[in-house]
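All remarks here apply to the structure that follows.
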Amino acid sequence: MARYTRILLAVDLSDESVQLSDRAVEIARQNQAQLSLIHVVEPLSFAYGGDVPMDLSTIQEQLDEHARAKLSTYAQQLDYPVDKKFVVTGNTETEIHRIASNEETDLIIVGSHGRHGLALLLGSTANGVLHGAPCDVLAVRVHKEKKEEEE
């Protein structure tokens, strides 16, 4: 079995991101690996197809700053030291690949919502990260937080 020395945990900072932390910490601890975190903020211009009749840079900076604060809080809640925290703006898969390459990461951990069929093929960030990744990728199944207990 491969020994991982540099792990990159990709989080979207949703409530489900907490479900990834236990698995990431477990693997990092077993391998005595460096654990880094990444959160990718998609540019506001992506949402509007690039044709935005106003300057969104101030709003984008606020979104980035908010993401940095949330990522710091997330890191503090982990029961493991975090080597580096990355908040980057761009395409999620591309930026995760770029940081993983730059940091010589040997394992990327992402969440997977367990979609099936076309949603899995077309819309999964985990699937996008897997293809073109410079190293191993672990997709951890995350479940929507339930308001009530269901049996």
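Which residues, counting only those in segment 1-24, are in contact with a helix residue (DSSP H, G or I) (Cβ under 9 Å, 6 or more places away or on another chain), closer than 15 Å to Leu78 by Cα and of a type outside the set (S, T, N, Q)?
Ile7, Leu8, Leu9, Ala10, Val11, Leu13, Val18 - these are the residues of segment 1-24 that are in contact with a helix residue (DSSP H, G or I) (Cβ under 9 Å, 6 or more places away or on another chain), closer than 15 Å to Leu78 by Cα and of a type outside the set (S, T, N, Q).
Of all the strands (runs of 3 or more DSSP E) wholly in segment 1-120, which have at least 2 residues that are modelled with pLDDT under 95 and closer than 19 Å to Asp136 by Cβ?
107-112
Among the residues of segment 74-91, is there at least one that is surrounded by fewer than 19 Cβ atoms within 10 Å (Cβ to Cβ), aliphatic (A, V, I, L, M) and farther than 21 Å from Val25 by Cβ?
Taking every residue of segment 74-91 in turn, at least one turns out to be surrounded by fewer than 19 Cβ atoms within 10 Å (Cβ to Cβ), aliphatic (A, V, I, L, M) and farther than 21 Å from Val25 by Cβ.
Matching residues to (1) surrounded by fewer than 20 Cβ atoms within 10 Å (Cβ to Cβ); (2) over 17 Å from Pro81 (Cα atoms):
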| site | (1), (2) |
| --- | --- |
| Thr5 | yes, no |
| Ala10 | no, no |
| Leu13 | yes, yes |
| Val25 | yes, no |
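What about Arg141, is it farther than 20 Å from Glu42 by Cα, of a type in the set (Lys, Arg), in contact with a Ser or Thr (Cβ under 8 Å, 6 or more places away or on another chain) and at pLDDT below 80?
Criteria not met by Arg141.
The values are calculated or read from the model by the stated rules, or taken from the named source; none is laboratory data. These figures come from a predicted structure and were not determined experimentally. Using ideal geometry, Cβ is built from the backbone for each residue, glycine included, and neighbour counts are taken over all protein chains shown.
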